[in-house]
Amino acid sequence: KMVDVFDKAKRSAVMSRIRSEGNRGTELRLIELMRAYKVTGWRRKQKIFGRPDFVFWQSRTAVFVDGCFWHGCRKCGLNPVTNAEFWSTKIAGNKMRDRKVNCELRRLGWRVVRIWGHELKNGAKVIEQLTRVLTSR
């Protein structure tokens with residue numbers, strides 16, 4: 001369990017500044033890794049279902065980088081004590097949406113890769129897994 005150190009107004013202000021794209025620890029970290037390991041062919045901000053963080057058109061692969069808190073990581077996702085019902089509903093909704101996006105993209109012929117934020121700490125392993133998906137088919 002996680003006890004909030006901020007009052008409600010301050011927590012609201014902090015959370016409102018978190019953006020769904022361009023996060024240092026997630027998408028920008030994966031960009032650094034892909035550039036370092038010379039992974040090419042990816043595009044960002046492509047208009048396909050589910051708004052993947054990265055799209056590899058040639059292999060029809062959609063890549064999502066999921067923050068552990070927002071997407072309910074079993075390994076390191078936190079369960080806030082403050083406003084617990086709101087957060088559990090919010091995170092459950094995110095997980096349900098992720099499953100629907102995965103299913104729909106696969107139905108449309110896409111491969112889906114989801115990378116947890118904590119996995120980016122081991123860049124070589126993430127790139128190895130990603131290149132395995134990109135080169136299989």
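The values are calculated or read from the model by the stated rules, or taken from the named source; none is laboratory data. Note that the structure is predicted; figures quoted are calculated from it, not measured. Cβ sites come from the backbone with ideal geometry, for glycine too, and all protein chains shown count toward neighbours. Heads up: the accessible areas ignore ligands, DNA and RNA and are worked out on the full protein's heavy atoms, side chains in. Shrake-Rupley method; radii C 1.70, N 1.55, O 1.52, S 1.80 Å.
Sort ARG35, ARG74 from largest to smallest accessible area, using a 1.4 Å probe on the heavy atoms of the protein chains. It would help to have the intermediate numbers written out before the result.
Working: ARG35 160, ARG74 230 Å².
Descending order: ARG74, ARG35.
For a quick check: with amide H placed at 1.01 Å from N, whose amide H comes under 5 Å from ARG114's, ignoring anything fewer than 5 positions away on the same chain? The list, which skips near neighbours in sequence, is PHE64. Label positions at LYS125 and THR40, each projected 7 Å from the Cα along the C-beta direction, are separated by 2.9 nm. Compactness of the stretch 24-137, taken as the C-alpha radius of gyration over 2.2 N^0.38 Å, stands at 1.11.
Charging the Cβ of each Asp and Glu at -1 and of each Lys and Arg at +1, and nothing else, the dipole of the stretch 39-137 about its Cα centre rounds to 380 debye.
Here the extension length gained between ARG51 and LYS8 equals 12.4 nm, from 0.36 nm per residue of separation less the Cα-Cα distance. In this structure the amide hydrogen of PHE49, modeled in the peptide plane, comes within under 5 Å of no amide hydrogen from residues 5 or more places off or on another chain. Each of GLU104 and VAL81 was given a label point 7 Å from its Cα along the Cα-to-Cβ line. The distance between the two points is 3.8 nm. For LYS45, the aspartates and glutamates whose Cα comes closer than 14 Å to its Cα, not counting residues fewer than 8 places off in the same chain, are GLU21, GLU27, ASP53.
The ratio of the alpha-carbon radius of gyration of the stretch 86-137 to the globular-protein estimate 2.2 N^0.38 Å is 1.40. Summing Lys and Arg as +1 and Asp and Glu as -1 over all other residues whose Cβ lies under 14 Å from the Cβ of ILE127 gives a net charge of +3.
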